[in-house]
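Enquirer: Quick one: the structure is below, questions incoming.
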Amino acid sequence: MPKDGGIGASSKRREDVRFLTGAGNYTDDINIRGQAHVFFLRSDVAHGTLSNVDVTAAAEMPGVVQIFTGEDFAEVGSIPCGWQVTDKHGEVMQEPRHPVLADGKVRHVGEPIAAVVAETLEQARDAAEAIVVDIDELPAVVNMKDAVKEGATKVHDDLTSNLCYDWGFVEENKGAVDQAFKDAAHVTSLELVNNRLVANPMEPRVAVGDYARGDGQHTLYTTSQNPHVIRLLMGAFVLGIPEHKLRVVAPDVGGGFGTKIFHYQEEAFCTFAAKACNRPVKWTSSRSEAFMSDAHGRDHVTKIELALDKDHNFTALRTDTYANMGAYLSTFAPSVPTWLHGTLMAGNYKTPLIYVNVKAVFTNTVPVDAYRGAGRPEATYQLERLVDKTAHELGVDPIALRRQNFITEFPYATPVAVEYDTGDYVATMDKLEEMADIAGFKKRREASEAKGKLRGFGVNCYIEACGIAPSNLVGQLGARAGLYESATVRVNATGGLVVMTGSHSHGQGHETSFAQVVADMIGIDENMVEIVHGDTDKVPMGMGTYGSRSIAVGGSAMVRATEKIIAKAKKIASHLLEASETDIELKDGAFSVAGTDKSVAWGDVTLAAYVPHNYPLEDIEPGLEETAFYDPSNFTYPSGAYACEVELDPETGQVTIERFSAADDFGNIINPMIVTGQVHGGLAQGIGQALMENCAYDSDGQLLSASYMDYAMPRASDLPFYDVDHSCQTPCTHNPLGVKGCGEAGAIGSPPSVVNAVLDAMRSGGHDVAHIDMPVSPARVWAAMNG
Amino acid sequence: MYNFDVEKPATIVDAVQAMTREEAQPLSGGQTLIPTLKARLAAPSVLVSLSGIDEMKGVCKDDAAGRLCIGGATTHADVMREAADHYPALASLAARIGDPAVRNRGTIGGSLANNDPSACYPAGALASGATIVTNAREIAADEYFQGMFTTALEEGEIVTEVKFPVPEAAHYEKFLQPASRFPLVAAFVAKFSDGVRVAITGASNDGVFRWSEAEAALASNFSADAVGGLSIDGSDMINDLHGTGAYRAHLVGVMTKRAVAAIS
C-alpha cells in the first residue's frame, strides 16, 4: 500500500503547482528598477588574434550606458577552475587564464569579445553591431588527436602544448595490466566516440547583477545549481569581493543537468558592471548563445581493451581516452574524465587489474564540463559496449558473460581506488530479465520481420558513484572545494519548520521529498515543513546539487540537524512532562513518557521553546533551531541493469525504441514517484545521446549544430513508455537514510543498451557490424549496413 | 529584430500597393520570416501582412476545371481540415507540416513563395501540376520553382491562390530530418488519368524537382516494383550532418516506392 505521507510516499510535487501555472520565480522574472541590459558581442571565428576592437562609434549609439572590452578586465581575476589534476608524471595540469572578455585572442566561436550595456536589449544589440572588430584568423584546433601532435597550432600561446594533462590511473598497475594482456586467452578491443552534447535546459542561463552604493553590497541573481560555489569562486577569485559583501541568489531554476554548476563569465560581468555603471545589469541568454556558451558535455574518444582467461573471466582492462576540454577549463572540467570516470572503470565486474589513461586536450571549441552523469556515462558506455562486443566475439550470451564476472561480495574494493559499500547486481539483472520478457523476444522479432523490419535486443549494467564525497579525499584528488552539505532546521513557535538546505533544486522536487523526510522523523504533516534553498543570505554555506548528491549528502545534513532538533525538543518535553529525558518517546508528532499515557504535543513543545515560561532555562537555551554540516565518508554506489529493444527499418536506417526496461538499485527511496520521474528524465537524455543528439564542429571550428534546426533533441514521440523498477534495494551503509541518489542513472545507464540493441538488430539482418558510433542516426545505420 | 513599419491591408489591391514601398517584404504566417528577423538576418523597412486579406483565405472547388483552389493566406491547419474531402493527400501533407503552432500560422502561399529546399508544399504543388496564381498572372508549377529559395515571382508579386488539379490517387511520403523535422527527403506521387508526376523535396541542392525516370516507369506500370529498381544520382544532393547525398538519393527511391505502394 502506498503511504499517505512521509518517507516512502509518492507525495505529489508541491512545487509543480507554481511551475505549471506560471507562478514560478525564475531569474528572468527578476526585474530591478532602473536595470540596464547587456548584449555580448561574441566571436564568430574559432581562433584568431584580436588586432582591433574599436567601440568609438558604438559608444555614441542611442541608449548606450557603457561598453566594456577585455581591457576593462585586465585587473580582474581569471574565471577559476575548481579542480587540479596531477598527471602521471606528478606534474600539475596546464591551466590557462580564462578572461571575462577576450583579451588579445579569441579561442572559440561564441567567446565574448565586448559587452554593451544599454537601456534596452535592442539598443545594446544595435550598438554591438557598430563595434569594429578585426580578427587575424589562426588555424583552428578541432581534432583532439591532431591537437597533441608535435608542431600543432596552440590554443594558448603561453602553454607548452594543447595537452592539459596526461593522467594514468592507477599508474603503479600499468605493468601488471600489460602483462595480463600478454597472458590473456582472449582480448577484445574497441574504439569509440562518446559524442559531444549540449545540455539544453529548458530555461537558458540568466544573470542579473545589482549593487547597493549605500552599503557596498553586491547581489547576483543567477541560474545556478550552487549559489554558494558561485559566491566563493566569483567573489574570491575573479572580482575580489568578500563573501559578506556578496549575495548570490539562484531562485527557481528551470533545469541544469550540470551546465548550471559552473561559474561563467556572464555572471562575473553582470556583477562587475552593476557597480561600474551603478545600475542593475541584466543578461538573458538567447537559445543561440546557449549553444555556443553553455559548457558542453562528453566528447571523449577512447580505445578500450579487455583481457579474458580461457574460462571467460575478465583478467584486465585498459583504456586510452582523449577528453576534450574545449578552449578553457570550465569549473570542474578536469575532474570529469579522471576522478569521475577512471574510478568507475571496474563497473559491475571483478576485473582485478585496470589501467586508465586520459589525455585532456585544449581545442578551439566551447569548454566541456559535467553533463548529467559526468564521466560515469563515458565509463559505462565504453565498458558495456566492450563487454557486449566480447560476448559476440566469444559466441557467448552477453547476459551470461556479465553474470559470470559480476562482483557478488560487498564491500568490494575495486582496483581503481573506490570501495563499493553495497549492491546486488544479480538481483537487478534477475529483475531486468523478468521485466524485459526475454522469452517473448523471439515472437516480437518475428512480428517485426513480418513487417519488413529488424528487431534487436540489447542490455547493459551500470554502476555510478554519487554523493560526491569525503572532503578530505577529494582534496587529495585535486578538488579546490569541500564537498559536504549543510542544513539549518528552524522550528517556529507554532510548530511549523523551515529547512534551509545547501542543496539546490532545479527540477528535482526537493521541496517535496526533503519535507517528507523531516515530517517523517517528527511524525507531523509534510505541509508543516517548508524547504528554502538557493540564497546565500538565507542558507548556510552549501555546495549545491550535482552528481546525484542532494538526498545522500544534503538530505543527510538535514537529518543530522533534525536529530539535534528532536534531541532538544525531548529535553523540553521531559521538563513539561516532569519525566526523565531518557523515558521520552517521539511518535506521530507527540512526546510521551514511556509506559504511561502522559504526553505533550509537538506544538506545545515548540511553543515552550519560544515562550519559555515553564522551561528549563538553567539547562538549555530558548529557541529551536539547529544547523548541521554533513561530510560523507564515501561515495554512494547506485547500480542497475537496463534493456532496450529496438525496431530498425533496413531501408531507411530508422531506429525506433519499442521497449525499454530499467531495474535500478537506489538503496532506500524517499518518494517513489519522484524517483521514477528522475529515471524517466535520465533515460530521455541517455536515449537522446544514443539516437539523436550530436554537437558537431567543422574543421574550421564552426559549430554546425548551433540551433534546434540541426541539434536533434528527443521528443516524447521518440521515446517509448518506459518500464522502470526500483524494488531492488541495498541501502547505503554509511549515510543515515540509506539512500544512494537517482538523478543521473537513466542518462548513465541507457546509451550502451540502445547501441547494443541496434547492433543486434543489424546482425539479425545479416549485417555483422562490430560497432557504430552515437548518435545512431538513420544515416549512420544505413551507411553501416551498406558500407 | 530591427525596427520596421507594418501594413495590414484588407484587399489584394491594397497589398500590392503597399508592396511598392521601398524594401517592403510580405509577411504571411511568418514561420520563417519572423525567426529570420529575430536573428537580425533580414532588415525590411516595411512588413506587409497578408493575414487580414479575406479574399486570400479558404479552400474551394468552384474552379471551372474542377481544380481545388486554395487561397494564398490559408493556413496549413485550414488546408488540413478543408481539403480533406477533396484532396486527402494534400490535406495529409498539410497536417504533417511542423507542429500545431506552425500549422495554425504558416500558410501555403508563404511556403511556396519561400521555396525552402526542404519544405513540404513545393512537392505537393509540383507533383500536382498546380498553378500558382499571383496578383499579376498565373504560373505553372513546372515554371514556378527555380531552385533553392528561388521562384518565378517578381519583386512585389504576391501568391494569392494555388489551383490544384486533383489526381486520381496521390500520396506524400516523408522521412524526417531528426532535428528540424523538415523532410530529409520526401516524395509526392500523383497519379492522373494521363500520367504520373513525382516530386521530390529535401534532397537536392536545386530544391524541389520532378523525378522523371520514376514518372516514366510508373506511367507504364504503376506499382512499387516499377520504381524499386531505379536509382538516382546523389552527387549533387544535399550533404550535411543528417545525411550524405548518397543517403538522400537512396531515400528518394525508398520514399517514392512507399508513396506508390500506399496508393496502388
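The values are calculated or read from the model by the stated rules, or taken from the named source; none is laboratory data. Values in this document were obtained by computation on a predicted structure and should not be read as measured data. Heads up, the Cβs are rebuilt from the backbone with ideal geometry, glycines too, and the neighbour counts pull from every protein chain shown.
Enquirer: Go through (1) surrounded by 16 or more Cβ atoms within 10 Å (Cβ to Cβ); (2) small (Gly, Ala, Ser); (3) assigned to a helix (DSSP H, G or I); (4) out of contact with any Asp or Glu (no Cβ under 9 Å at 6 or more places or on another chain) and name the single condition A:ALA57 misses.
Expert: Among (1) surrounded by 16 or more Cβ atoms within 10 Å (Cβ to Cβ); (2) small (Gly, Ala, Ser); (3) assigned to a helix (DSSP H, G or I); (4) out of contact with any Asp or Glu (no Cβ under 9 Å at 6 or more places or on another chain), A:ALA57 violates only (1).
Enquirer: Please determine, by comparing only the residues of the range A:641-655 that are out of contact with any Phe, Trp or Tyr (no Cβ under 6 Å at 6 or more places or on another chain) and outside any loop (DSSP other than H, G, I, E, B), which one is nearest to the other protein chains (Cβ to nearest Cβ).
Expert: A:VAL655
Enquirer: Failed condition for A:ALA662, given (1) within 13 Å of chain B (Cβ to nearest Cβ); (2) part of a strand (DSSP E or B); (3) not aromatic (Phe, Trp, Tyr), with all others met?
Expert: Just one mismatch for A:ALA662, condition (1).
Enquirer: For A:GLN685, all conditions in the list (1) surrounded by 17 or more Cβ atoms within 10 Å (Cβ to Cβ); (2) more than 10 Å from chain B (Cβ to nearest Cβ); (3) without any contact (Cβ under 8 Å) to a residue 24 or more places away in the chain hold save one; what is the number of the exception?
Expert: So the condition that A:GLN685 fails would be (3).
Enquirer: Only residues that are within 25 Å of the chain's Cα centre (by Cα) and surrounded by 16 or more Cβ atoms within 10 Å (Cβ to Cβ): list them for the range A:416-444, please. So that I can check it myself, show each step before the final result.
Expert: Our first condition is that a residue be within 25 Å of the chain's Cα centre (by Cα); within the range A:416-444, this holds for A:416-425, A:428.
Passing the criteria: A:VAL416, A:VAL418, A:TYR420, A:ASP421, A:THR422, A:GLY423, A:ASP424, A:TYR425, A:THR428.
Enquirer: Also: Residues that are of a type in the set (Lys, Arg): which strands (runs of 3 or more DSSP E) entirely in the range A:517-602 hold 1 or more of them? So that I can check it myself, show each step before the final result.
Expert: On the way: elements: A:529-532, A:584-587, A:590-593, A:599-601.
Of the strands (runs of 3 or more DSSP E) lying wholly inside the range A:517-602, those with at least 1 residues that are of a type in the set (Lys, Arg) span A:584-587.
Enquirer: Taking the condition surrounded by fewer than 22 Cβ atoms within 10 Å (Cβ to Cβ), in a helix (DSSP H, G or I) and of a type in the set (A, V, I, L, M, F, W, C), does A:ALA236 pass?
Expert: On the way: surrounded by fewer than 22 Cβ atoms within 10 Å (Cβ to Cβ): yes; in a helix (DSSP H, G or I): yes; of a type in the set (A, V, I, L, M, F, W, C): yes.
Judged against the criteria, A:ALA236 is a match.
Enquirer: Please state which of the following conditions A:LEU737 fails to meet, knowing it meets all the rest: (1) surrounded by fewer than 24 Cβ atoms within 10 Å (Cβ to Cβ); (2) touching a helix residue (DSSP H, G or I) at 6+ places or on another chain (Cβ under 6 Å); (3) within 14 Å of chain B (Cβ to nearest Cβ).
Expert: It fails just one condition, (3).
Enquirer: Of all residues in the range B:147-170, how many are more than 25 Å from B:THR11 (Cα to Cα) and either without any contact (Cβ under 8 Å) to a residue 24 or more places away in the chain or surrounded by 24 or more Cβ atoms within 10 Å (Cβ to Cβ) (or both)?
Expert: Just the residues of the range B:147-170 that are more than 25 Å from B:THR11 (Cα to Cα), to begin with: B:147-150, B:165-170.
Next, only the ones that are either without any contact (Cβ under 8 Å) to a residue 24 or more places away in the chain or surrounded by 24 or more Cβ atoms within 10 Å (Cβ to Cβ) (or both) stay: B:170.
Number satisfying all stated conditions: 1.
Enquirer: Looking only at the range B:240-259, decide whether some residue is closer than 19 Å to A:GLY653 by Cβ, away from chain A (no Cβ under 12 Å), touching a residue at least 60 places away in the same chain (Cβ under 8 Å) and not hydroxyl-bearing (Ser, Thr, Tyr).
Expert: yes
Enquirer: On to the next question. Answer yes or no: is there a residue in the range B:18-25 that is in contact (Cβ under 8 Å) with a residue 12 or more places away in the chain and either part of a helix (DSSP H, G or I) or closer than 30 Å to B:ALA179 by Cα (or both).
Expert: Going residue by residue through the range B:18-25, those that are in contact (Cβ under 8 Å) with a residue 12 or more places away in the chain are B:18-25.
Now drop any that are not either part of a helix (DSSP H, G or I) or closer than 30 Å to B:ALA179 by Cα (or both), which leaves B:18, B:25.
Among the residues of the range B:18-25, at least one is in contact (Cβ under 8 Å) with a residue 12 or more places away in the chain and either part of a helix (DSSP H, G or I) or closer than 30 Å to B:ALA179 by Cα (or both), which makes the answer yes.
Enquirer: For the subset of the range B:178-201 comprising residues that are more than 13 Å from chain A (Cβ to nearest Cβ) and in contact with a Lys or Arg (Cβ under 7 Å, 6 or more places away or on another chain), which member is surrounded by the most Cβ atoms within 10 Å (Cβ to Cβ)? If you could, list the steps in order and put the result at the bottom.
Expert: Residues of the range B:178-201 more than 13 Å from chain A (Cβ to nearest Cβ): B:188-201.
After this cut, where a residue has to be in contact with a Lys or Arg (Cβ under 7 Å, 6 or more places away or on another chain) as well, the list is B:190, B:197-199.
On the way: B:ALA190: 31, B:ARG197: 25, B:VAL198: 28, B:ALA199: 26.
That would be B:ALA190.
Enquirer: Which residues, taken from the range B:1-35, are within 14 Å of another protein chain (Cβ to nearest Cβ) and of a type in the set (A, V, I, L, M, F, W, C)? Steps first, please.
Expert: Within the range B:1-35, the subset within 14 Å of another protein chain (Cβ to nearest Cβ) is B:1-4, B:31-32, B:35.
Those that are within 14 Å of another protein chain (Cβ to nearest Cβ) and of a type in the set (A, V, I, L, M, F, W, C): B:MET1, B:PHE4.
Enquirer: Further question on the same structure: Look at A:ASP773 and say whether it is acidic (Asp, Glu), within 14 Å of chain B (Cβ to nearest Cβ) and part of a loop (DSSP other than H, G, I, E, B). Can you show your working first?
Expert: On the way: acidic (Asp, Glu): yes; within 14 Å of chain B (Cβ to nearest Cβ): yes; part of a loop (DSSP other than H, G, I, E, B): yes.
Yes: the conditions hold for A:ASP773.
Enquirer: Name the pairs whose Cβ atoms lie under 7 Å apart, with the first residue in the range A:170-194 and farther than 30 Å from A:GLY686 by Cβ and assigned by TED's automatic domain parsing to the domain that holds A:GLY395, the second in a strand (DSSP E or B) and modelled with pLDDT under 95, and 6 or more positions between them or separate chains?
Expert: Taking only residues 6 or more apart or on different chains, not a single pair turns up.
Enquirer: Now, a different point. With respect to A:VAL539, determine if the residue is within 24 Å of A:THR223 (Cβ to Cβ), outside the structural domain of A:PRO638 (by TED's automatic domain parsing) and crowded, with 23+ Cβ neighbours inside 10 Å. Give the derivation first.
Expert: Numbers: within 24 Å of A:THR223 (Cβ to Cβ): yes; outside the structural domain of A:PRO638 (by TED's automatic domain parsing): yes; crowded, with 23+ Cβ neighbours inside 10 Å: no.
No: the conditions fail for A:VAL539.
Enquirer: So, B:SER111, is that one closer than 15 Å to B:VAL133 by Cα and either over 17 Å from the mean Cα position of the chain (by Cα) or in a helix (DSSP H, G or I) (or both) or not? Reasoning before the result, please.
Expert: On the way: closer than 15 Å to B:VAL133 by Cα: yes; either over 17 Å from the mean Cα position of the chain (by Cα) or in a helix (DSSP H, G or I) (or both): yes.
The answer is yes for B:SER111.
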